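> I have a structure I would like to understand better, so I am pasting it below and will then ask my questions one at a time.
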Amino acid sequence: MSVTMRDCREVFSLLSEYLDAELPSDACSEIEEHIQGCAPCVEFVESLRKSVDLCRAHAPEELPAPLAEEARQALREAYRKMLATRRDS
């Protein structure tokens, strides 16, 4: 893969999938080859990688199943009350 603006755009469009290891190995190899010779892409990849890592580190934890069900029931009840209030108005 030669280093051209067109290739940078192609690389940029595939970076999320690349970082999530969702691309075929040949596509990953082409991206890695391009990145080795392209300082702007290296900078962007590192920035994106840090952003993804920060998002993952601060991702909300899943609620335990019983608590999640309690939350769903509370939301359903609140929604029913809201609908009843609207009907009565």
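The values are calculated or read from the model by the stated rules, or taken from the named source; none is laboratory data. Computed from a predicted structure; not experimentally measured. No Cβ is skipped: glycine too gets one built from the backbone with ideal geometry, and neighbour counts run over all protein chains shown.
> Test Ala74 against the criterion of being surrounded by 10 or more Cβ atoms within 10 Å (Cβ to Cβ), in contact with an Asp or Glu (Cβ under 8 Å, 6 or more places away or on another chain), in a helix (DSSP H, G or I) and among the aliphatic types (A, V, I, L, M), and give yes or no.
Here the answer is no, as Ala74 does not meet what is asked.
> Right, next: Go through the residues of the stretch 13-32 one by one and say whether even a single one is under 18 Å from the mean Cα position of the chain (by Cα), surrounded by fewer than 11 Cβ atoms within 10 Å (Cβ to Cβ) and polar (S, T, N, Q).
So the first thing to find is which residues in the stretch 13-32 are under 18 Å from the mean Cα position of the chain (by Cα), and the list is 13-23.
Adding the requirement that they be surrounded by fewer than 11 Cβ atoms within 10 Å (Cβ to Cβ) leaves 13, 20-21.
Restricting the remaining residues to those that are polar (S, T, N, Q) gives 13.
Yes: the stretch 13-32 contains one or more residues that are under 18 Å from the mean Cα position of the chain (by Cα), surrounded by fewer than 11 Cβ atoms within 10 Å (Cβ to Cβ) and polar (S, T, N, Q).
> Next question, about the same structure. Condition test on Tyr79, is it surrounded by 11 or more Cβ atoms within 10 Å (Cβ to Cβ), part of a helix (DSSP H, G or I) and modelled with pLDDT of 80 or more?
no
> Continuing with this model, one more query. If you take the residues of the stretch 34-71 that are part of a helix (DSSP H, G or I) and of a type in the set (Asp, Glu), which of them is farthest from the chain's Cα centre (by Cα)?
Only one residue tops the list, namely Glu70.
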